[in-house]
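Enquirer: Handing you a structure now.
FYI, it's all coordinate maths here, none of it is from the lab. These figures come from a predicted structure and were not determined experimentally. Glycine also receives a Cβ, built like all others from the backbone with ideal geometry; neighbour counts cover every protein chain displayed.
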Amino acid sequence: MGDPFFSVDRLQTHFPIRRGVLRRVVGAVQAVDGVSFGIERGETLGLVGESGCGKTTVGRSLLRLVEPTGGRVTLGGVDVRQVSGRQLRTLRRRMQVVFQDPYGSLNPRMTVRGILEEGLIVHRMGTAAERIERMQRALERTGMPADALRRYPHEFSGGQRQRIAIARALVLEPEFLVLDEPVSALDVSIQAQVVNLLVDLRKDLGLTYLFISHDLSVVEYLSDRVAVMYLGRFVETATAAKLYAAPLHPYTQALFSAVPSVDPERRRSRIILPGDVPSPSRPPSGCRFHPRCPLAETVCREVDPPEVAVEGHRVHCHVAARELDQAGGDTAAASQRIAELMTAASPSSRAAAAGSV
């Protein structure tokens, strides 16, 4: 099997910490530290995790909106980090982004035409008439009227603004989209409309998505595969169906236990993690989750957990590796056992569960 359409190998993005009059570098914030994954053409990879774990930095680093400090990123065989100048500008036509806040990502002083046409002018795409046709087609695909071109962002609702932001990305006819929490700033009813729009666009245009979100229900609906991120690293990756049915990493277990469900069979005992996320400028030794993990052992504090893969389900955890070995590779049985251990080791979780009855 060849390389995936979009491939990321040991991506690092560190931000220097400077102090003193001379602004000397005294450390670094390890926002992304050794992340590797691939996305096949036409696939959606969901990326979830707590605020501050590095999700947005991953997306921005792939597009070189933030320059990575290490690793390799390839799109269709082209090394994104090695191109510059005209080559980079050509490559950026193939990669676009939809930001979280439709109120802040659209210039209030520009008409919709100016917003959409800016990229076409930069990339020298078509005549004035051809550009108008492209913009009208992009607006039509996102459910916006053609006369929107003459209006300003403040004349539209939040959902309509996000559709304009999506149209701005589509007008260049990209192949890969980074969707950075594109529905989190919208009302719930509007969220559903925009999510369904993204699903339809992916099918109709053959797009490939990196979908970044903290809304686990939306991620499950939209994604083919899901990666869970904690403190700059991926801790678990699997297909959406496998991950939501049988999470293996203790952090994933705790994350998913917070998702409300009307289905009694899918409802999990609430697991409340102690403490706060450590500083990315001083990450813990060994497993980065061990200071908050109820199942942490001595090896977790000392040794960085290796990746264990079972039928495409990948997890970085010493406890999960042992439980998978004892279960003979049965992820469902291992997940159930880890859930039981987490509940037994978390008195606050039992109290919270009892209080919610």
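Enquirer: Which loop chymotrypsin sites (Phe, Trp or Tyr not before Pro) in the range 79-187, with loop taken from DSSP, have no more than 15 other Cβ atoms within 10 angstrom of their Cβ?
Expert: Sites meeting the loop and neighbour criteria: Tyr103.
Enquirer: Still on this model: Run the numbers on the range 241-355 and let me know its relative contact order in percent, using alpha-carbon pairs under 8 Å that are six or more apart.
Expert: 30
Enquirer: Report the FRET efficiency, 1/(1 + (r/R0)^6), for Glu130 and Ser285, where r is their Cβ-Cβ distance and R0 is 56 Å, rounded to 0.05.
Expert: My answer for the efficiency is 0.45.
Enquirer: How much length, in nm to one decimal, is gained on full extension between Arg109 and Asp187, taken as 0.36 nm per residue of separation minus their Cα-Cα distance?
Expert: Fully extending the segment from Arg109 to Asp187 adds 25.6 nm.
Enquirer: Continuing with this model, one more query. Angle check, please: helix 158-170 long axis (alpha carbons) against the longest principal axis of the chain (alpha carbons), in degrees 0 to 90, nearest 10.
Expert: 80
Enquirer: Same structure again: Put one equal scatterer on each alpha carbon of the chain, apply the Debye formula with no solvent term, and list log10 I(q)/I(0) at q = 0.15 1/Å to two decimals.
Expert: So the normalised log intensities are -1.32.
Enquirer: Bin width 5 Å, origin at 0, all Cα-Cα pairs of the range 241-355: what percent of pairs per bin?
Expert: Binned Cα distances yield the sequence 2, 12, 21, 23, 21, 14, 6, 2, 0.
Enquirer: Subtract the Cα-Cα distance of Glu307 and Glu155 from 0.36 nm times their separation in residues, and report this length gain in nm to one decimal.
Expert: Fully extending the segment from Glu307 to Glu155 adds 49.7 nm.
Enquirer: Suppose R0 equals 30 Å; then what is the FRET efficiency for Leu22 and Gln82 from their Cβ-Cβ distance, rounded to the nearest 0.05?
Expert: E between Leu22 and Gln82, to the nearest 0.05, is 0.40.
Enquirer: Quick check on the chain: helices-only [θ] at 222 nm, where DSSP H runs of length 4 and up contribute -39,500 (n - 2.57) each and the sum goes over total residues. Nearest 500, please.
Expert: -11000 deg cm²/dmol
Enquirer: Over the chain, what is the relative contact order in percent, taking alpha-carbon pairs closer than 8 angstrom and at least six residues apart?
Expert: Relative contact order here is 17 percent.
Enquirer: Select from the range 157-266 those trypsin sites (Lys or Arg not before Pro) which occupy a DSSP coil region and have at most 16 other Cβ atoms within 10 Å, ordered by residue number.
Expert: Arg266
Enquirer: Quick one: what Rg and Dmax do you get for the range 36-133 from the alpha carbons, in Å?
Expert: Radius of gyration, then largest Cα-Cα span, for the range 36-133: 15.9, 46 Å.
Enquirer: Something else now. Sort 12-23, 86-97 by the packing proxy (mean of other Cβ within 10 Å over each peptide's residues), most packed first.
Expert: With the highest mean Cβ count within 10 Å placed first, the list reads 86-97, 12-23.
Enquirer: Restricting to DSSP loop positions (anything but H, G, I, E, B) with no more than 12 other Cβ atoms inside 10 Å of their own Cβ, which trypsin sites (Lys or Arg not before Pro) remain in the range 107-149?
Expert: Sparse-neighbourhood loop trypsin sites (Lys or Arg not before Pro): Arg109, Arg124.
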